1. Quick check on the protein assembly as shown: take the gyration tensor over C-alpha atoms, sort the square-rooted eigenvalues as a ≥ b ≥ c, and tell me if it's rounded (a/c under 1.5), prolate or oblate.
2. State the percent of C-alpha pairs, over all pairs in region B:233-318, separated by a distance greater than 16 angstrom.
3. Counting only residues 5 or more places away or on other chains, whose amide H sits under 5 Å from the amide H of A:SER30 once H atoms are built in the peptide plane?
4. Treating the angle as unsigned and between 0 and 90°, give the value, to the nearest 10°, between the Cα long axis of helix B:42-59 and the longest Cα principal axis of chain B.
5. Can you give me the pair-distance distribution of chain A, C-alpha pairs, 10 Å bins, whole percents?
6. Compute the acute angle (0 to 90°) between the alpha-carbon long axis of helix A:114-125 and the principal axis of greatest extent of the alpha-carbon atoms of chain A; round to the nearest 10°.
7. Please list, in order along region B:85-90, the HN-Hα scalar couplings obtained from phi with the Karplus expression 6.51 cos²θ - 1.76 cosθ + 1.60 (θ = phi - 60°), rounded to whole Hz, x for Gly and Pro.
8. Test of the criteria: in region B:242-319, which GluC sites (Glu not before Pro) are in a DSSP loop and have at most 15 other Cβ atoms within 10 angstrom of their Cβ?
There are 2 protein chains.
Amino acid sequence: MDTKKVVAGVDVGGTHTKIGFADKDGNIFSERTLLTRDYKVFDEFIKALSATIEQMKNNIAGIELVGIGVGAPNGNYYKGTIAFAPNLPWEEHLQFVDKLKAFYPSIPIILTNDANAAAIGEMVYGGAKGMKDFLLVTLGTGLGSGFVANGKMIYGHDSFAGELGHVIVERNGRQCGCGRKGCLETYVSATGICRTVFELLANTTYPSAFRDKEFSKIESKDIAKAAEEGDKIAQEAFEITGRMLGEALADAVTITSPETIFLFGGLAKAGKLIMEPTKKAMEENMLNIWKNKIKLQFSELQDKDVAVLGAAALAWETI
Amino acid sequence: MDTKKVVAGVDVGGTHTKIGFADKDGNIFSERTLLTRDYKVFDEFIKALSATIEQMKNNIAGIELVGIGVGAPNGNYYKGTIAFAPNLPWEEHLQFVDKLKAFYPSIPIILTNDANAAAIGEMVYGGAKGMKDFLLVTLGTGLGSGFVANGKMIYGHDSFAGELGHVIVERNGRQCGCGRKGCLETYVSATGICRTVFELLANTTYPSAFRDKEFSKIESKDIAKAAEEGDKIAQEAFEITGRMLGEALADAVTITSPETIFLFGGLAKAGKLIMEPTKKAMEENMLNIWKNKIKLQFSELQDKDVAVLGAAALAWETI
């Protein structure tokens with residue numbers, strides 16, 4: 001019997017680390033989860049990860065593992081390292097690929113950050129199949145992005161390219177976790193829209209369900225729900241968030257001229273609440289040559305296990 | 001005798017069209033100029049261009065013409081066309097490469113816009129030799145840019161990428177030739193700094209040489225000269241221009257993470273008057289991971305005939 005070639009896609013998160021085996025068509029064969037924080041020492045985590053991969057291999061007949069792709073916060077594609085990832089429980093510099101290579105010396109192991117992995121997932125398995133120039137924006141706790149040009153991920157000279165969330169859209173604007181002020185992600189992200197709701201509570205007198213809630217307990221999906229139910233503050237928060245995202249996308253287009261921009265992540269689940277104002281502001285601010293020419297759509301992998309698929313795609317892209 | 005391989009670099013401008021033969025090392029063998037406006041019909045221009053190239057070939061013994069590179073305003077790399085170039089005297093759509101191909105059917109002819117040609121010139125002959133990720137900014141009448149990532153020019157899906165001059169840096173700011181408001185090039189360009197001088201004349205009461213000059217007659221080099229002579233308005237205009245450029249570069253870095261940013265063009269000739277405030281603002285606004293890590297320097301081709309060399313480099317890059 002012929003063996004089926006698969007890669008392991010590994011999504012390293014602060015809480016869960018997911019591992020999936022995927023073939024070239026994006027079929028996931030087996031999936032497992034590790035609790036990241038169960039491992040106090042990084043070496044133990046790597047040992048558990050390779051043990052899990054081994055178990056998965058042994059449980060499925062007729063497969064051959066030909067590569068491992070890893071998506072991780074602050075992952076460095078060139079070095080195979082993770083540096084200063086605030087949500088991971090280990091030391092500041094992790095030699096991820098080198099340590100895992102000790103267990104898998106003869107297959108390629110590739111690592112990148114989560115947003116890049118999602119973009120490669122879109123390119124290999126999703127709506128960007130066959131596209132040479134596109135942009136994927138992830139709207140999660142922060143705002144991540146992966147730019148692809150000439151069919152290749154733009155990693156930049158140091159692997160840190162694609163930090164669209166840290167374009168400054170408001171000089172002296174909101175304080176950002178990066179230490180500066182006015183970064184796009186302080187407005188446009190799951191956290192950003194919560195900040196906008198509270199700014200609107202302060203600046204307006206509209207009645208709103210959010211007048212009776214604690215700042216620390218609001219999530220972006222509550223805002224989407226309230227907006228759908230007619231809460232004026234929630235609706236305005238989506239309008240503002242979309243406008244700022246649309247303006248930023250029109251600017252980003254001037255640099256890489258993507259064929260399509262994909263939106264992905266928690267906030268993208270708000271559907272037309274976020275899509276409509278984003279599209280409107282993007283077109284209003286677009287340079288003439290691109291008006292009504294750049295597609296804006298949700299990721300086609302939205303409901304699948306993108307993080308694992310993206311990591312798997314990264315391995316397939318290399319093989 | 002062995003023949004020496006050369007390419008023709010053609011720089012199409014509104015006033016002059018320059019043609020130079022260059023070898024792979026950037027030595028220019030022969031140079032000629034056509035007066036662009038002498039040719040009322042585009043076909044006549046192409047005929048004159050090919051006749052000139054033929055004369056140049058015949059005048060130098062032992063060379064072989066192996067390609068032609070063309071830099072032109074609004075040049076489209078994918079299509080080999082020029083569209084809506086406001087300074088060229090012919091129709092709106094020019095089938096440049098196809099028409100020239102009729103005279104040179106068997107060698108590659110490649111066309112791109114001026115800023116991309118300058119960037120490729122820097123990569124093949126200048127300070128970006130061997131670099132995979134860099135950015136070149138041309139500060140002329142407008143602000144042009146060429147982004148290179150993974151060793152390749154970013155043309156985008158339609159060849160129009162790299163319009164950094166049309167990132168909006170001031171919502172509802174200065175009217176731009178593109179029909180929108182607040183584009184970077186309305187502030188940061190030879191024209192932009194003249195506008196800033198007049199804004200300062202309006203907003204301040206400093207004495208200045210420019211209080212006795214007509215707006216339409218001021219050139220950026222006059223402002224540089226005045227700044228060197230202590231004119232406070234001229235000095236402040238450079239401070240403002242540099243600050244806005246530095247802020248925009250810090251934002252651009254987040255997208256492509258270039259190893260080096262090269263400044264080029266008329267305004268770059270102002271030397272440290274423009275370099276110092278640009279560098280200062282760029283570093284002040286830079287995300288931590290890039291602080292003091294991205295080189296900012298003038299083009300190393302500044303004093304050579306870059307437009308012709310860039311066009312020649314474009315041909316060499318393809319061959």
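1. Cα axes put the protein assembly as shown in the oblate bin.
2. Summing the P(r) of region B:233-318 above 16 Å gives 57 percent of all pairs.
3. Under 5 Å from the amide H of A:SER30: A:PHE21.
4. 70
5. Final binned percentages: 6, 26, 31, 23, 11, 2, 0, 0.
6. 70
7. Running phi through 6.51 cos²θ - 1.76 cosθ + 1.60 with θ = phi - 60° gives 7, x, 9, 9, x, 9 Hz.
8. Counting only loop positions with at most 15 other Cβ atoms within 10 Å, none of the GluC sites (Glu not before Pro) in region B:242-319 qualifies.
A short reminder: the numbers here are calculations on the coordinates, not readings from a lab. Since this is a predicted model, take the numbers as computed values, not measurements. Please note: Cβ atoms are built from the backbone with ideal geometry, for glycine as well, and neighbour counts cover all protein chains shown.
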